[in-house]
Each structure stands twice: as structure tokens, then as C-alpha cells.
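Chemist: My questions all concern the structure below.
The values are calculated or read from the model by the stated rules, or taken from the named source; none is laboratory data. For clarity, every value in this text was computed on a predicted model and none was experimentally measured. FYI the Cβ positions are ideal-geometry reconstructions off the backbone, even for glycines, and counts take in every protein chain you see.
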Amino acid sequence: MKDSELRFARFLVLVNGAVPVTLLGWDAWHHKLGANPVNFAILTTGMSALVFLMLTLLVTPLRKISGWSWIISFRRTLGLYSFFYASCHFLIFFSLDRSFSVSGTLSEMLKRKYLFVGITGLLVMVPLAITSTNAMIKRLGGKRWRALHRLVYVAAIAGVIHYYMQVKADVRQPLAFASVLAILLGYRLLVFWRRPRPVPAATTVVTQRFLPSNRSEWLGVLSRPFQTYIFVAIFFYLYCLDQWQGTTRQVGRLMRDDGLAFFSAGYFVSFIALTIIAIVQALSGKRRAAFWNAAFAVASLVAGFGFMLPNVH
């Protein structure tokens with residue numbers, strides 16, 4: 001594609017990306033957002049954020065399958081539009097629905113878990129938007145920049161889960177987004193596993209072991225900060241469940257209602273962090289370390305959902 005044609009295509013993407021917010025502003029100005037304008041605006045911006053996020057993830061597979069190398073130039077614009085609409089989605093909720101009340105917003109997030117999942121996806125997108133410039137790419141270096149921008153997978157998963165949890169009856173649209181995301185991520189996994197592996201020069205065969213074979217290796221596993229936190233927290237969680245079934249059940253219920261939602265938030269943050277670390281390690285060939293981080297990430301996720309369960313009786 002010629003430079004003039006590419007510039008026009010970029011301009012076309014830029015203009016079309018602004019269409020949803022322009023139409024939303026026009027309808028808001030003319031009071032045509034329906035009976036519940038705030039809810040309509042929140043839904044529209046959230047849907048637009050998901051659409052642009054899926055389009056951003058579509059660029060790489062489409063480039064590799066079609067051979068259109070020029071299409072990669074649209075990825076930054078699509079990604080920034082996704083962050084823009086996600087930010088509008090939250091700001092409309094925070095300003096018009098919560099009246100700029102920080103405490104009200106936090107309490108609502110603790111009551112409605114899909115809000116916590118959604119804000120997690122938005123926060124993950126912040127460093128991606130900040131480091132999207134050419135200057136930041138040069139400052140971070142290509143390898144570190146690519147590793148950081150794999151967080152877009154976490155943002156996409158969080159966005160789809162947020163939408164699915166928010167819908168009360170008809171889940172066809174969230175499932176459609178989930179299907180598209182599964183295809184896009186599945187393609188990346190397929191490409192990763194089918195890529196040629198470098199053949200070692202030495203003739204000695206080294207067997208990859210996932211389980212530590214001696215005491216020093218077990219201590220090495222437990223000495224990792226993230227994993228130690230998860231390991232101890234899971235036992236604390238099981239101990240609390242056991243205590244709540246006995247004489248301290250009322251105290252445990254009070255803790256669950258007023259305070260342990262923060263434990264749940266901590267578990268999910270740990271799950272996201274460990275998952276990112278596992279992905280980076282797997283991509284760099286450190287499969288054993290990736291296996292353990294993934295295992296602790298799953299344990300953290302299970303523990304986090306445990307704090308969201310109804311009270312133990």
C-alpha cells in the first residue's frame with residue numbers, strides 16, 4: 001500500500017472510531033437516549049470498548065493469515081479507542097450514576113463483583129495506553145514492550161467476564177464476545193505451540209521435571225514472594241472456613257460482610273499478576289517456572305471465589 005493510501009486509511013479508521021461517541025453525544029444533546037439515559041450511555045460505551053478491543057486483537061492474526069503487513073499500523077489507534085471508550089464507560093458510571101462519590105463507588109464495587117472485574121480490566125489498560133507511543137517503545141525496548149502489552153489479553157478477558165456477569169437474563173451477546181475472544185486467543189496459542197523449537201547443540205538429553213525432587217528445590221519454590229503469599233493465604237482461608245462452622249460462625253459472618261471482600265480483591269490481583277508472570281515465563285521458555293506460577297494462580301482464583309460464596313452455615 002502506498003504512503004498516501006495508508007495515511008488515508010489511518011484517517012478513515014480515526015474518523016470511524018469517533019462515530020459511536022459522536023452519535024451518543026448528539027442523542028444526549030437532543031434528549032433521545034431513552035427512558036434511562038445514564039444506563040444507555042454506560043452500555044453503549046462499554047459495548048464500544050469491547051468491540052474495539054476485539055478489533056485490536058484481530059489485527060495480528062489477520063496480518064499473519066493475509067500477509068497484509070500494513071494493517072499493523074491500525075492496531076495502536078484501535079487499542080487507544082478501546083481504552084478511550086472503557087474510560088468513558090467508567091467515568092459515566094462514576095459521575096452520573098455515583099455522583100462522583102468515591103466511597104459510594106467502592107461500596108458498589110464490593111457489592112457487585114462484575115464492577116470489580118471491570119475496573120481491573122480498565123486499570124490493566126492504563127499502562128498499555130501510556131506506553132503506546134514510539135518514544136516509550138524505544139525507552140522500554142522491543143522485548144519488554146511486547147511483554148508488557150500482552151496485558152491486553154487480561155483486559156479482554158476481564159471485559160468479557162464483566163459483561164457476562166452484568167447481564168441478568170439474555171447472555172447471547174456476552175457469549176458471542178467470549179466466542180470471538182476464545183478464537184483470537186486460541187489462534188495465538190496454536191501459533192505459539194507450533195513455532196519451531198531451537199535444536200540444542202549438545203547431545204545430552206535433559207528431562208524437564210515439573211515436581212521438585214529434593215528438599216532444597218521445595219524450599220526454592222516456597223521462597224518465591226508471590227507463591228509464598230498464596231500458599232499461606234490458602235491455609236488461612238481454609239482455617240477460617242473451619243472456624244466459621246463452629247462457635248465463631250457469627251464473627252466470621254461479620255468479617256465476611258464487612259472486611260473479607262478486600263481479601264477477595266487481593267486474591268484476584270494475585271491471580272492476575274501470577275497469570276501474567278506465567279505467560280511471560282512460558283513465552284521465554286521457562287516452562288517449569290510457568291507451570292508453578294500458573295498452579296498458584298489457579299489456587300488464588302479458587303480462594304478468591306471462595307470469599308465471594310454465600311455465608312458458611
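Chemist: Using the structure shown, decide if L55 is modelled with pLDDT under 90, assigned by TED's automatic domain parsing to the domain that holds V152 and touching a helix residue (DSSP H, G or I) at 6+ places or on another chain (Cβ under 6 Å). First the steps, then the outcome.
Modeler: Values: modelled with pLDDT under 90: no; assigned by TED's automatic domain parsing to the domain that holds V152: yes; touching a helix residue (DSSP H, G or I) at 6+ places or on another chain (Cβ under 6 Å): yes.
In short, no.
Chemist: Give me the pairs: first residue in segment 76-96 and more than 13 Å from L43 (Cβ to Cβ) and free of Cβ contacts under 8 Å to residues at least 12 places away in the same chain, second residue outside any helix (DSSP H, G or I) and not charged (D, E, K, R), beta-carbon distance under 7 Å, and six or more apart or on different chains, which are they?
Modeler: F94/F100
Chemist: Sort out for me the helices (runs of 4 or more DSSP H) sitting completely within segment 103-187 that have 3 or more residues that are assigned by TED's automatic domain parsing to the domain that holds R76 and small (G, A, S). I'd like the intermediate steps shown before the answer.
Modeler: Details: elements: 113-130, 134-140, 142-148, 151-166.
Ranges flagged: 113-130, 151-166.
Chemist: Does W26 satisfy the condition of being modelled with pLDDT under 90 and assigned by TED's automatic domain parsing to the domain that holds I130?
Modeler: Details: modelled with pLDDT under 90: no; assigned by TED's automatic domain parsing to the domain that holds I130: yes.
Answer is no for this residue.
Chemist: Residues to consider are I130, I119, I65; find the one that is over 23 Å from L14 (Cα atoms), loosely packed, with under 15 Cβ neighbours inside 10 Å and of a type in the set (A, V, I, L, M, F, W, C). Before you say what the answer is, go through the steps one by one.
Modeler: On the way: I130 fails: over 23 Å from L14 (Cα atoms); I119 fails: loosely packed, with under 15 Cβ neighbours inside 10 Å.
When all the criteria are applied, what remains is I65.
Chemist: Next question, about the same structure. Here are some residues: S82, S48, S87. Which one is surrounded by fewer than 17 Cβ atoms within 10 Å (Cβ to Cβ), in the same structural domain as A178 (by TED's automatic domain parsing) and in contact with a helix residue (DSSP H, G or I) (Cβ under 9 Å, 6 or more places away or on another chain)? Steps first, please.
Modeler: On the way: S82 fails: surrounded by fewer than 17 Cβ atoms within 10 Å (Cβ to Cβ); S48 fails: surrounded by fewer than 17 Cβ atoms within 10 Å (Cβ to Cβ).
From the options S82, S48, S87, the qualifying one is S87.
Chemist: Continuing with the same structure: Of (1) surrounded by 18 or more Cβ atoms within 10 Å (Cβ to Cβ); (2) out of contact with any Lys or Arg (no Cβ under 9 Å at 6 or more places or on another chain); (3) of a type in the set (S, T, Y), T56 satisfies all except one. Which?
Modeler: Looking at each condition in turn, T56 falls short on (2).
Chemist: What residue, of M136, M165, M109, is loosely packed, with under 15 Cβ neighbours inside 10 Å, free of Cβ contacts under 8 Å to residues at least 60 places away in the same chain and more than 18 Å from V59 (Cα to Cα)? Quick ask: steps written out before the conclusion?
Modeler: On the way: M165 fails: loosely packed, with under 15 Cβ neighbours inside 10 Å; M109 fails: loosely packed, with under 15 Cβ neighbours inside 10 Å.
That would be M136, the only listed residue that is loosely packed, with under 15 Cβ neighbours inside 10 Å, free of Cβ contacts under 8 Å to residues at least 60 places away in the same chain and more than 18 Å from V59 (Cα to Cα).
Chemist: Are there any pairs, at least 6 apart or on different chains, whose C-beta atoms fall under 8 Å, with the first in segment 35-54 and in contact (Cβ under 8 Å) with a residue 12 or more places away in the chain and under 12 Å from L96 (Cα atoms) and the second surrounded by 16 or more Cβ atoms within 10 Å (Cβ to Cβ) and among the β-branched types (V, I, T), and if so, which?
Modeler: V38/I92; A41/I92; I42/I92
Chemist: Could you please let me know if A9 is surrounded by 13 or more Cβ atoms within 10 Å (Cβ to Cβ), touching a residue at least 40 places away in the same chain (Cβ under 8 Å), assigned to a helix (DSSP H, G or I) and out of contact with any His (no Cβ under 7 Å at 6 or more places or on another chain)? Talk me through it step by step, then tell me what you get.
Modeler: On the way: surrounded by 13 or more Cβ atoms within 10 Å (Cβ to Cβ): yes; touching a residue at least 40 places away in the same chain (Cβ under 8 Å): yes; assigned to a helix (DSSP H, G or I): yes; out of contact with any His (no Cβ under 7 Å at 6 or more places or on another chain): yes.
For A9, the condition - surrounded by 13 or more Cβ atoms within 10 Å (Cβ to Cβ), touching a residue at least 40 places away in the same chain (Cβ under 8 Å), assigned to a helix (DSSP H, G or I) and out of contact with any His (no Cβ under 7 Å at 6 or more places or on another chain) - is met.
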